[in-house]
1. Kindly evaluate residue 125 against the criterion of being in a strand (DSSP E or B) and farther than 15 Å from residue 62 by Cα.
2. If residue 47 meets every condition in (1) free of Cβ contacts under 8 Å to residues at least 12 places away in the same chain; (2) under 16 Å from the mean Cα position of the chain (by Cα) apart from one, which number is that one?
3. Any residue in region 77-91 that is in contact with a helix residue (DSSP H, G or I) (Cβ under 7 Å, 6 or more places away or on another chain), in a loop (DSSP other than H, G, I, E, B) and hydroxyl-bearing (Ser, Thr, Tyr)?
4. Just to verify a result, which residue in region 107-148, among those that are closer than 15 Å to residue 86 by Cβ and basic (Lys, Arg), is surrounded by the fewest Cβ atoms within 10 Å (Cβ to Cβ)?
5. Condition first: farther than 14 Å from residue 87 by Cα and open to solvent by 80 Å² or more (accessible area, probe 1.4 Å). Now tell me which residues in region 44-69 satisfy that.
Amino acid sequence: MKKISFVLIALLALVAFTGCPTAHDDYDYATVPDLFIVGAPNYNGDNVFTKMTPAAGTTTQTYEFTYATAMSANWVSPADGIAFVITDGDGSWTKLFCDVALTLGGGYATSGADTNNNATVAGLTAGTAYVITIDYSAKPYKAKIDAK
């Protein structure tokens, strides 16, 4: 009986120590930040912080809008464009992307350092849908805008 108990305890110990991995190489530890856009594209008389949409399996988030010429009247926007910033929370003014002029269809641009300035883009067409994409893989963040 002692031998059976000893063998049983040894088997339980073997299963306990060999059945649990010590590393989870297939687990993605990256944290997806909450990013919010605020500015001319979503201004309604008040500053509206809109959460951006994470793109699965990437380090990007997007915001889609349809440009209307009335948007240019807000946030010191260009006559045919918009001004905006990306922040770290709803109601937060901690700017993660700002101080740069994006070029429509021009690829990623890196955020500037002066948090007193907005990001801008000109050359938009009324009634056209656009997508702003933020790449948060490294700081400073990068962004681009493309027609949808």
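The values are calculated or read from the model by the stated rules, or taken from the named source; none is laboratory data. In this text the structure is predicted, and so the values were computed from the model without any measurement. FYI the Cβ positions are ideal-geometry reconstructions off the backbone, even for glycines, and counts take in every protein chain you see. Note: accessible area is taken over every heavy atom of the protein model, side chains too, but ligands, DNA and RNA are not part of it. Shrake-Rupley method; radii C 1.70, N 1.55, O 1.52, S 1.80 Å.
1. no
2. Among (1) free of Cβ contacts under 8 Å to residues at least 12 places away in the same chain; (2) under 16 Å from the mean Cα position of the chain (by Cα), residue 47 violates only (2).
3. yes
4. Result: 139.
5. Once the filter is applied, which keeps residues that are farther than 14 Å from residue 87 by Cα and open to solvent by 80 Å² or more (accessible area, probe 1.4 Å), region 44-69 yields 44, 46, 56, 57, 64, 69.
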